Structures are given as C-alpha cells and as structure tokens.
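One structure is given below, encoded as structure tokens.
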Amino acid sequence: MLAGVSLAIEDGKTTAIVGPSGTGKSVLLKILTGLLPADSGDVFIGTQSMTSARSGEARRKICSEIGMLFQNAALFDSLSIYDNVAFPLRERRELKNREINIEVLRRLDEVGLRGSENSFPGEVSIGMRKRVGLARALITNPKILLFDEPNTGLDPQTGQEIYELINETQASSGFTGIVVSHELPEVFQVCNRVAMLYQGRVQAEGTVEEFLKLDSDLVKQFVRGDTHGPIVM
Amino acid sequence: MILVRQIESVGEGTIARVSAFGRTWLFLFETLAKAVLPPYRFSLIVQQIYSIGVQSLSVIVLVGIFTGAVLAVQSVYTLSNFGATAYTGPAVALSLIRELGPVLTALMVNGRAGSAITAELGIMKITEQIDALRSMAVDPMRYLMVPRILAGVISMPLLTMIFNCVGIAGGFVVGVGTLGLSSGTFISQMVSAVKDVDVISGLVKSIVFGLTFSWISCYKGFNCGFGAVGVNRATTSAVVTSSVVILILDYFLTSILTQIFY
C-alpha cells in the first residue's frame with residue numbers, strides 16, 4: 001500500500017497527512033506507532049529507531065513518548081471514563097493513586113468532561129468519547145500525539161470543538177502533532193504543514209499556504225474535490 | 001486446466017488449514033509462557049473467574065440437578081430389569097463424576113462464557129481497543145488472554161464439582177423421593193463405589209476442557225474478521241469448535257485415564 005514514504009515531521013508543530021480515502025494514511029499512522037510493521041525502512045523518533053526497539057523495555061520507552069487518538073476513540077468499554085483516562089498512568093506504576101487522581105481530573109477538566117468520570121463509553125456521545133480519548137492520549141504528557149481522522153462521525157459543530165481542543169492542548173503541551181484526515185479545509189486550522197499521500201507516496205508537502213499554492217493537478221483536484229483529474233478512485 | 005485449478009484450491013485450502021492449526025498452537029504456547037512470567041495481574045484473573053465461574057453457577061446448578069434426576073430415572077428403569085436398583089446410587093454418581101459432570105459443565109460454560117469471551121475480544125479488535133493497548137505498550141496477550149485462560153482452567157474443576165454435587169442430590173431426590181429407593185442403600189452403595197481415582201480423572205478432564213474452551217474462544221476473538229459479521233462468525237466458530245474438540249478430547253482422555261487409573 002505504501003511504496004517509499006519519506007517524511008520528516010517538524011518538532012513542536014502539527015503536520016496533517018491528507019489524501020483520498022484508501023491511500024494508506026491510517027496504515028502510515030499505525031506504522032508510526034509500531035502497530036504495523038513496515039516491510040522495509042524505519043521510523044525514527046529523534047535518533048531512536050522504532051524497528052530496533054524489540055525488547056519490552058525499549059518498546060515501553062518509545063510508547064511513553066507517543067499518544068494516539070484513534071478514529072473512534074478506542075475506549076475500553078468495560079472501564080469508566082475515569083478508569084480509561086487513568087489507565088496509561090496505572091500501567092506505568094510510577095504515580096500513587098492520589099497523584100493519578102489529580103492528573104485524571106485535570107485532563108478531564110481540560111477537555112470539558114469533569115463530572116462525567118463515572119459514566120461508561122457506551123453511555124456518552126461519540127464527541128464525548130473523542131474528548132476522553134484525547135484526555136487519555138495526553139495523560140502521559142507525550143512528546144508526539146497522533147490523530148486518526150479526529151472528526152470522523154462528528155457533526156460540524158462538535159468537529160470544530162475537537163479541532164479547537166487540539167489547538168488549545170497543543171499550545172499548552174507543545175507536543176508534535178500528526179493529524180490524518182481527508183477533510184479539507186477544516187484540517188488546515190490545526191496544522192502548520194501538510195503532506196499529501198497518494199498511490200503510496202508523498203506527492204506534495206509544505207506549509208498550508210505553500211500546499212494550497214502548489215502548481216499540481218493532483219493537489220488542485222483533491223483540494224477542490226473534483227471527480228475528474230489524475231486522482232482515480 | 002479446470003482440474004489443475006481444483007487441485008490447486010485443495011492444496012491452498014490444506015495449507016491454509018495447517019497454517020491456522022499451527023497459529024492456534026503458537027497462540028497457546030505464547031499465552032502460557034506469558035502466564036508464568038511476571039507481572040501477574042491477579043485482579044484481572046479474579047474478575048474473569050467471576051465472569052466465567054460465578055456467573056455460570058446458576059446454569060450449572062440447574063443443568064446438574066436435572067441431569068442427576070434423569071440419570072436416576074434411567075438407571076432405575078434399566079437396573080430394574082436385572083433386579084439391581086440398589087446400584088442406582090453408584091450409577092448416578094459414577095456417570096456424573098467420571099463423565100457427564102466434566103463434559104456437560106464444559107459444554108454449558110463454553111456456550112455461555114466461551115461465546116462471551118469471543119464476542120468481547122472480537123469487538124475489542126474491530127473497535128481498535130486492542131490496538132490502543134499496544135499503543136500504550138500493554139501486551140494484549142498478557143492483559144486479555146492470560147487472565148481468561150487461567151480463569152477457565154481454575155473455574156472449570158470447581159464448577160464440575162458443584163455440578164457433580166447437585167447432580168447427585170438431584171438423583172437422590174428423584175430416586176428416593178419419587179422412585180421409592182432406599183436412601184440408606186443409595187448413599188452407602190454410592191460411597192463404596194466411588195473411588196479417589198474417579199474424582200481425579202473427572203477433575204483432570206475438567207481442567208483440560210477449561211483450557212480448551214478458553215484457549216479456542218480467546219484465539220477466535222483475537223483473530224476475528226471485520227465488522228459485526230466477523231464477530232458473529234468468530235463467536236459461532238468458537239462455540240462449535242470448542243464443543244467438538246471437547247467431545248473428541250473426552251474420548252482420548254477417557255482412554256488414557258482408564259489405562260492409567262483402572
């Protein structure tokens with residue numbers, strides 16, 4: 001599906017990976033998190049290689065630097081919202097329960113869900129589940145945060161709230177963000193740089209302004225949403 | 001050409017089945033290896049024992065009572081042809097302890113808890129919850145599979161013993177209360193006929209069946225296909241496969257245990 005993706009993500013900024021459906025954006029995201037192995041090549045976080053991190057300890061160290069908001073939040077159905085957000089901290093076994101409690105409530109406050117901690121994922125809306133997913137992804141203060149189609153399944157207002165939340169948390173936490181999305185132009189409000197994936201390769205890359213001004217039929221067709229052009233589905 | 005294609009498809013199908021068989025065993029070995037290494041998640045194991053064991057109690061007790069009752073009825077009417085109704089107690093007890101207790105308990109628990117395990121893990125897979133665990137460097141085998149398989153192995157012999165007890169009680173009530181057997185004869189003949197090796201062989205079977213259904217249920221859920229259809233197929237396959245394997249294993253275990261103990 002991917003054939004020679006080479007991408008450098010700028011530290012402290014958010015990069016959007018865009019492209020038509022089925023071009024491998026989510027696959028790329030899963031390779032970046034180590035959920036899928038790449039047939040060849042490597043992923044580096046700073047100077048640390050993902051493929052060479054085979055031991056449990058090395059893998060935990062890398063994973064501690066990455067947080068991910070999945071497309072449907074991927075919350076654990078059998079745990080309450082509080083326990084979902086607390087889960088990564090409890091697994092690390094570094095903090096006492098009191099300290100975990102403070103952190104969890106702070107993050108729930110940040111995403112506007114204080115008061116919902118005893119609810120279960122099945123009892124709340126998809127927008128609230130995404131907020132919980134964001135709080136869970138942020139709870140370990142990761143250096144890198146990945147967003148897989150953060151607005152999928154949301155109405156425009158809720159989607160806008162999620163994007164505003166991403167901007168606010170990025171401003172306060174300073175993480176490096178990677179957002180996978182096919183929603184233009186909404187995704188431009190959360191990213192500094194854009195990379196377009198098509199036919200397994202990065203076909204275009206640059207800041208939002210550079211991307212929109214590119215003299216590329218592929219980019220123009222994708223941005224305009226035309227059905228005719230070099231992009232064939 | 002058509003013949004070549006047919007032969008090719010037979011070959012491909014055979015390779016696929018053998019590969020799946022191998023992957024199933026690798027799954028078990030990996031889970032058992034991780035079960036013995038720390039960290040141990042006792043709270044998760046206890047949760048699963050509650051889910052698999054405690055929540056199966058009512059169905060086990062109900063089925064046990066009526067199984068014992070039916071055994072008593074059948075035994076009395078068969079043994080009366082030989083003037084041997086005094087041996088109804090041993091017939092009921094030995095049938096339950098050696099055979100029906102482990103097998104019926106396994107089939108009931110498999111139908112109830114095994115299907116629930118497969119469905120739960122399948123839904124976790126298709127909603128990316130397992131991926132979420134991995135992204136947090138939590139090993140899904142250790143977190144999800146090990147507690148369920150250990151809980152299956154621990155719960156089954158306990159449930160089997162309960163099944164046997166209520167079954168014998170059911171047989172006693174029907175035999176003595178309805179069919180006119182002597183209570184003293186029922187109990188004394190039963191006590192003298194049931195040996196330690198009968199109980200041990202029944203419990204060995206129950207442990208093996210517990211491992212079998214929990215292993216197959218976990219494997220099917222963990223490897224289910226996409227969407228609701230995938231979960232549906234995995235759940236059905238888990239229950240059917242586990243049931244068939246339990247019955248096949250029962251034959252081989254009975255043969256082996258008979259050689260060892262009798």
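We did not get these values from a lab; they are worked out from the coordinates using the rules stated. None of these values were measured; they are calculated from a predicted model. Using ideal geometry, Cβ is built from the backbone for each residue, glycine included, and neighbour counts are taken over all protein chains shown.
Can you tell me how the stretch A:75-136 classifies by the Cα gyration tensor, rounded, prolate or oblate, using a/c under 1.5 as the rounded cut?
In terms of gyration-tensor shape, prolate.
Please give the Cα centre distance for the stretch B:194-241 versus the stretch A:127-196, rounded to the nearest Å.
Here the answer is 42 Å between Cα centres.
Can you count the Lys pairs in chain A whose Cα atoms are under 28 Å apart, with each pair 8 or more apart or on different chains?
Going through chain A pair by pair, I get 22.
Kindly write out, for the stretch A:2-12 in residue order, the coupling ³J(HN,Hα) from the Karplus curve 6.51 cos²θ - 1.76 cosθ + 1.60 (θ = phi - 60°), rounded to whole Hz, with x marking Gly and Pro.
Result, rounded to whole Hz: 9, 9, x, 7, 10, 9, 10, 9, 6, 5, x.
What net charge is computed for the residues neighbouring A:Ala8, neighbours being all others with C-beta under 14 Å from the C-beta of A:Ala8, Lys and Arg scored +1, Asp and Glu -1?
Around A:Ala8, the charge tally is -2.
Where in chain A are the DSSP H helices whose C-alpha atoms run 15 Å or more along the long axis and whose mean Kyte hydropathy is at least 1.0?
Taking the DSSP H segments of chain A (at least 15 Å long, mean hydropathy at least 1.0), we get none.
Between the DSSP loop rule and a limit of at most 14 other Cβ atoms within 10 Å, which chymotrypsin sites (Phe, Trp or Tyr not before Pro) in the stretch B:14-55 are left?
Within the stretch B:14-55, the qualifying chymotrypsin sites (Phe, Trp or Tyr not before Pro) (loop, at most 14 other Cβ atoms within 10 Å) are B:Tyr40.
Can you give the charge dipole size of the protein assembly as shown about its Cα centre, rounded to the nearest 20 debye, using +1 on the beta carbon of Lys and Arg and -1 on the beta carbon of Asp and Glu?
1240 debye
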